[in-house]
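Notes for the one structure printed next.
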Amino acid sequence: MNVPEGLFYTKEHEWVKIDGNLAKIGISDHAQHELGDITFVELPALHAPCEQFKQIATIESVKAASDVYAPLSGKISAVNNEVVANPELVNQSPYEQGWLLVIEITEESQLANLMDAEAYKNYLKENM
Amino acid sequence: MENKKTPLFEQHNKLGAKSAPFGGWLMPIQYEGIINEHQWTRNNCSVFDICHMGEFMIQADALLSNLDKVLTQNLVNMPLKTCKYGFMLNDNAGIIDDVIIYRIEQDKWMLVVNAATAPADFEHIKKHLAKDNVKIDNVSNSLAKLDLQGPLSREVLVEIAGEGILNLDYYGFDYFSVLGENIIISRTGYTGEMGFELYINNDKVIDLWNLLLENKNVKPAGLGARDTLRLEVCYPLYGQDISLKTSPLEAGLASFMDMKKDFMGKAAIEKKQQQGLGKKLCCFQTESRRAPRHDYEILVNNQKAGIVTSGSYSPSLGCGIGMGYIAEQYSDIGTEISLEHENIKINAQVVKRPFYKKGSLRG
């Protein structure tokens, strides 16, 4: 599984890319692989508030509907409408074109609750 | 209890399958992906490992043995080498199982039953069959089953089993010489496409699997695609769409009962016919790509009207599709319904079955 360096990860398999006070969010390669063919993505409204580890989006595959959780608290500053129109982008390019949304973060200290690439790789090894 | 594995388990691993428990078996759900496998079956030909399903061999006169009474279909008028789809019902007309009946000889039958229900089915049949001049064997553990499905399946099979395959009508079967064995091949399936079901002894099934996959038109498909394929043509899945709690009447499957003969559960069926059904198994299509799921509630005008029994994204239609029981007064074609679960709310419409109408089933 592809686990790029420089990103943060959650136990629920979201990834986070930090750029100043903005956090770009998606699901990991492992997550898209586990879900299989992704057929539907529901994203939150712009400017909606979100809270760390609370549900923020929904992804459906052929087999099931799954929740996506906010890795950090803040408010939604961008959503990727491309994945709403073409959900398969999440399978094809989970870290690039398949990104889901951007959070303007309010509590940088919450990053301590996330894993770096090394820790996430170990987490996958231990739990799979 | 640990899940059973089919003789093909290692083959699936080699092909990179993702497996999961189904009916007490660890079964391949997908290989390269459900949507690709679904489309390949609709356009080419797929092979499915269906070894988990149960088979009973029965030597019995249909009437004298009571076998005809245990099943809703008329066995007496079945031509040799044909199959029928039917039910075993309990006295309340609840469905014990849905089965395919094969008439091999005048007094020789094969019943093909669901994996999870096979042991209970066997006990039920044994209990109600006469003891004299009857022989019933559960051959599920020694007989393997592969399904070959898709518009190219007939050509693929001719190469392996000979031109005799071309003589099989829909729901007909015969014995064919394959890999030095005499095996039953029927023109049946669960996908809505031209297709066949092959029954071969366990010790030869790996060879047959690999032989089929040597043809470049054939790819393996898992139970994930099997489920989306059958749902697009509105075939019920036992344990989900039909069960002990439903009768063939509300499931819209009355045509698989012969009301001119006697069978277990018939009295309850007649009573239901007089009293009215209350609910009906309906098909519905969503307005978006969002799919209904098993156990979502069905609402009409904000009133609870039923429950979803099967649901999925439809690869052929590009939207959500499902089946579920809806109160009769809301079951008309065209009724606008809402499918709800926690914070999910999906708009849908009751539609005519099947969803997918272009299948190559009848050739």
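The values are calculated or read from the model by the stated rules, or taken from the named source; none is laboratory data. Since we're looking at a predicted model, the values are computed, not measured. Here the Cβ is made from the backbone with ideal geometry for all residues, glycine too, and neighbour counts use every protein chain on show.
Could you check how many residues of the stretch B:256-298 are small (Gly, Ala, Ser), farther than 20 Å from B:Asn90 by Cβ and surrounded by fewer than 17 Cβ atoms within 10 Å (Cβ to Cβ)?
2
Let's see how each residue does on (1) within 14 Å of chain A (Cβ to nearest Cβ); (2) surrounded by fewer than 20 Cβ atoms within 10 Å (Cβ to Cβ):
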position	(1), (2)
B:Gly23	no, yes
B:Gln30	yes, no
B:Ile34	yes, no
B:Ala60	no, no
Is there any pair linking a residue in the stretch B:258-275 that is among the charged types (D, E, K, R) to one that is assigned to a loop (DSSP other than H, G, I, E, B) and surrounded by 13 or more Cβ atoms within 10 Å (Cβ to Cβ), with Cβ under 7 Å and at least six apart or on different chains, and which? B:Asp258/B:Thr72; B:Asp258/B:Gln73; B:Asp258/B:Asn74; B:Lys261/B:Asn74; B:Lys272/B:Ala93; B:Lys272/B:Ser247; B:Lys272/B:Leu249
Checking the conditions here, which among A:Ala70, A:Ala112 is more than 30 Å from B:Tyr31 (Cβ to Cβ) and surrounded by 14 or more Cβ atoms within 10 Å (Cβ to Cβ)? A:Ala70
Do any strands (runs of 3 or more DSSP E) lying entirely in the stretch B:281-363 carry at least 1 residues that are among the aromatic types (Phe, Trp, Tyr), and which ones are they? B:303-314, B:319-327
Please pick out the residue among B:Lys271, B:Lys266, B:Lys358 that is under 30 Å from B:Leu67 (Cα atoms), within 25 Å of the chain's Cα centre (by Cα) and not assigned by TED's automatic domain parsing to the domain that holds B:Gly33. B:Lys266
Residues of the stretch B:193-229 that turn out to be surrounded by fewer than 19 Cβ atoms within 10 Å (Cβ to Cβ) and closer than 23 Å to B:Asp121 by Cα, as a count: 2
Go through (1) surrounded by 17 or more Cβ atoms within 10 Å (Cβ to Cβ); (2) in the same structural domain as B:Glu340 (by TED's automatic domain parsing); (3) of a type outside the set (S, T, N, Q) one by one and return the number of the condition B:Pro248 breaks. (2)
Scope the stretch B:98-118; condition within 18 Å of B:Ile242 (Cα to Cα) and of a type outside the set (Val, Ile, Thr); matching residues: B:Asp98, B:Asn114, B:Ala115, B:Ala116, B:Ala118
Looking at the stretch B:244-262 only, could you name the residues that are within 22 Å of the chain's Cα centre (by Cα) and in a loop (DSSP other than H, G, I, E, B)? B:Leu244, B:Lys245, B:Thr246, B:Ser247, B:Pro248, B:Leu249, B:Glu250, B:Ala251, B:Gly252, B:Leu253, B:Met257, B:Asp258
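Select from the stretch B:325-340 the residues that are more than 14 Å from chain A (Cβ to nearest Cβ), at negative phi and not aliphatic (A, V, I, L, M) and list them in ascending order. Full working, then the answer.
So the first thing to find is which residues in the stretch B:325-340 are more than 14 Å from chain A (Cβ to nearest Cβ), and the list is B:325-338.
Within this subset, residues satisfying the condition of being at negative phi are B:325-333, B:335-338.
B:Tyr325, B:Glu328, B:Gln329, B:Tyr330, B:Ser331, B:Asp332, B:Thr335, B:Glu336, B:Ser338, listed by residue number.
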Do any strands (runs of 3 or more DSSP E) entirely within the stretch A:28-128 hold 3 or more residues that are more than 30 Å from B:Gly311 (Cβ to Cβ), and if so, which? A:74-79, A:101-105
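Residue by residue, here is whether (1) surrounded by 15 or more Cβ atoms within 10 Å (Cβ to Cβ); (2) within 13 Å of chain B (Cβ to nearest Cβ) holds:
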{"position": "A:Asp19", "(1), (2)": "no, no"}
{"position": "A:Phe53", "(1), (2)": "yes, no"}
{"position": "A:Lys63", "(1), (2)": "yes, yes"}
{"position": "A:Ala85", "(1), (2)": "no, yes"}
Would you tally the residues in the stretch B:287-310 being within 14 Å of another protein chain (Cβ to nearest Cβ) and in contact (Cβ under 8 Å) with a residue 60 or more places away in the chain? 2
Taking the stretch A:21-51, which residues are farther than 30 Å from B:Glu37 by Cα and either within 14 Å of chain B (Cβ to nearest Cβ) or touching a Cys at 6+ places or on another chain (Cβ under 8 Å) (or both)? A:Pro44, A:Ala45, A:Ala48
From the options B:Ala62, B:Ala93, residue that is touching a Ser or Thr at 6+ places or on another chain (Cβ under 7 Å) and either over 19 Å from A:Val62 (Cβ atoms) or not in a strand (DSSP E or B) (or both): B:Ala93
Check off (1) within 30 Å of B:Gln11 (Cα to Cα); (2) without any contact (Cβ under 8 Å) to a residue 40 or more places away in the chain for B:Pro28 and give me the number that stays unchecked. (2)
